[in-house]
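Report on one structure; see the data block that follows.
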């Protein structure tokens, strides 16, 4: 800024406000599905190695199409905010109406109508003269009544033990008073309408006060979130406002720009509070005018938030040291999350709603006229003209007063300068009285804990906010407390959820937090991947501590805990440790350390991938089959190994601005191909079932072949396009040295056939052992009844599937991709065992042992010959022998 002439107020607000808005837009645009790559500039190095390749750019350009995905996310969040607010307002209306009729049981309108019809039919049955017929129809309608009430109860969040008690209570009420003992509730309806706001005097007053209390919860949630989580400057040495202070503009104008930023660039206000305000006017019967009225109310909220946020930030920066600022920012982060959870829980939690109703009942009428409730006074359907005038006058006066106070107050406290002392060295350095000794905490673990100790905001995000997750669900679900306290399996699921959720801000960010310290880590006499692995181990221990502590608390304070779910507890604790490495692996691969902005450094969409994977693992805890649990363990473990295999490949190139790691065949390629194959097979089989008149065995075989051809072709095309070196050699389609091959194609096929006979002999011994024990023999018979081969109507389809299609496609997936990917990082022995275990998991439990043996010999034949035709022959001979044995 070279001009010494002061800028106009409008121009200054426009420039700085546009910068703040653009910053928020950039944050939203960082939530994208991928990172756009551009070709490296031509530096005159016309090397043949770089021809036709897309190299890494040191400063990746922002995708111009990124706003499409960001706009989609904004629309989804806005719709979610409307949905949540609508359900909450309707439910609160039902609770307020219930005050006038406390003895009646609240049910849905449909249930109320059916209860009235049931009562009429029972009265009509009593007039029948035939006692047998009267008893017959009475039993039928009583049975219907029980089913109706039970269906109504199951729509609530009650536990199983509480459901039987509630059913008995509802039956007694119906027996005494009939349908008159029930009242229709709008609490389960979705749509907010002009009928939502109660018209009864007492219920209307309580409802108005409830909305005022919710508004009082939203204000600190928005304010503290703006000062805590969303304020990157408050706890930092640098303050971007110091740069703005050099503008040729007055201090009040600059503070007005800060006021604008706090007011308008607040996502929480526009995503959740605005729908609440708009739908409040809809409930008040204002129709389409509810939209402009709600916007005016939201702007009113933003003015108060902007005034409080601007003055608070300037005062904290002026009078507190850097260490105190970090403490306050951490406090604001916790308070913002607590109030946000409370405000959000009012839409779901019956316990919180009952508390608010009790408070609203004793809420003084004068307190309804607080600044935050003034817009809601306009929304009430019975608002008089004087009330509307008073509210508008109060909003205008308080808005002007809040803005003027914030601007003049900020200018007054900075009359002697913006800051007391610049730079990071505020305060005095002290010499410790004695050297601290922590033999149990040193090295990488000590580095991570020191980082937390210095960054209080990060500390609360990592160690405190994860504890708010179970608190929220326990608050919003009345039956969850009983479910966790009475079932060890539910407690194990909650423990895993807490541990896995804690990794979002800890293990997943281990590379994103390494900004200027990454060069420091590279100077150590250790590989960067090993140091990152140790960091992940630290957070695995923290997550394990959280999960174990939760289980101990449940076991200590629950007197009704039952269930022998020891396997589920072990599964949950192992899953916590495992997902620390999965989260860290995903986070490292999703981080671009060359990105200048911290928020743009991490691909936020990878968070959703991690949450999907964690949800799949959590669902396994409830799987009834031990086999399913074991399969999930193996798959998740191999996924972690595959991710860290890629991490090891990427670490040497993290700070290279032009080159990426050389593309090699990895375990991740095999895992993705295996998953895609079975998903495609299921979808094609379902499509054939709907559209084809072919036999069942033909549909299964055709679906298997089409899925194999499709996934195999796509996988080969992708690997070829990515220039994987020695692709055909690694996959086993050609020999490393064609001049002097150790095994020719014919010899490798013969070698594989011999190994197939060995595996078949082991399978025959296994089947003979099953026939020696009655229990195992029954297990074998039950498995045969549900087998594909039993239901196949044409032997030709069995032959094609078992001897041709399965050996070809499964060996390509499990030996050509999975085994080769495992061998790169684990060695041949562990690669043989792991690939065989994964191969066995996709087969029925009764065939696990012989199929595991088949996987071992197939991998050995592939290891010795180097050609994929050998394990294909092994697999084909094995399946042919099994088919022949079953026919004998």
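Remarks
- Residue list for segment 682-732, filter: in a loop (DSSP other than H, G, I, E, B) and either surrounded by 14 or more Cβ atoms within 10 Å (Cβ to Cβ) or not assigned by TED's automatic domain parsing to the domain that holds residue 799 (or both): 694, 695, 724, 732
- Options 349, 312: the member that is touching a helix residue (DSSP H, G or I) at 6+ places or on another chain (Cβ under 9 Å) and modelled with pLDDT under 85: 349
- Every listed requirement among (1) under 23 Å from residue 12 (Cα atoms); (2) over 33 Å from the mean Cα position of the chain (by Cα); (3) outside any helix (DSSP H, G or I) is met by residue 285 save one, (1).
- Members of segment 256-276 found to be within 16 Å of residue 231 (Cα to Cα) and assigned to a helix (DSSP H, G or I), listed by number: 257, 258, 259, 260, 261, 262, 263, 264, 267, 268, 269
- Lone qualifier among 836, 831, 873 - being within 27 Å of residue 769 (Cα to Cα) and under 38 Å from the mean Cα position of the chain (by Cα): 836
- Scope segment 651-681; condition assigned to a loop (DSSP other than H, G, I, E, B) and more than 16 Å from residue 716 (Cα to Cα); matching residues: 654, 655, 656, 657, 658, 659, 660, 661, 662
- Some residue of segment 629-650 being in contact with a helix residue (DSSP H, G or I) (Cβ under 8 Å, 6 or more places away or on another chain) and in a loop (DSSP other than H, G, I, E, B): no
- Residues in segment 279-312 that are without any contact (Cβ under 8 Å) to a residue 60 or more places away in the chain and under 17 Å from residue 395 (Cα atoms): 292, 294, 295, 298, 299, 302.
- Residues that are surrounded by fewer than 19 Cβ atoms within 10 Å (Cβ to Cβ), over 23 Å from residue 730 (Cα atoms) and under 26 Å from the mean Cα position of the chain (by Cα), drawn from segment 636-677: 637
- Hits in segment 104-130 (condition: in contact with a strand residue (DSSP E or B) (Cβ under 8 Å, 6 or more places away or on another chain) and within 13 Å of residue 144 (Cβ to Cβ)): 111, 115
- Every residue from segment 854-866 that is at negative phi and either modelled with pLDDT under 90 or assigned by TED's automatic domain parsing to the domain that holds residue 627 (or both): 863, 864, 865
- Qualifying residue in segment 135-151 (condition: touching a strand residue (DSSP E or B) at 6+ places or on another chain (Cβ under 8 Å) and either modelled with pLDDT under 75 or buried (at least 18 other Cβ atoms within 10 Å of the Cβ) (or both)): no
- Helices (runs of 4 or more DSSP H) within segment 453-526 that include 3 or more residues surrounded by 20 or more Cβ atoms within 10 Å (Cβ to Cβ), within 15 Å of the chain's Cα centre (by Cα) and in contact (Cβ under 8 Å) with a residue 60 or more places away in the chain: 488-502
- Subset tally (residues that are modelled with pLDDT of 55 or more and surrounded by 11 or more Cβ atoms within 10 Å (Cβ to Cβ)) for segment 426-441: 1
- Of all residues in segment 235-264, those satisfying the criterion of being surrounded by 19 or more Cβ atoms within 10 Å (Cβ to Cβ) and at pLDDT 75 or above are 253, 254, 255, 256, 257, 258, 259, 260, 261, 262, 263.
- Residue 576 being farther than 14 Å from residue 498 by Cα, at pLDDT 85 or above and buried (at least 17 other Cβ atoms within 10 Å of the Cβ): no
The values are calculated or read from the model by the stated rules, or taken from the named source; none is laboratory data. Worth saying up front: this structure is predicted, and the values here are computed from it rather than measured. For neighbour counting, all protein chains shown are included, and Cβ atoms are generated from backbone atoms with ideal geometry for every residue, glycine included.
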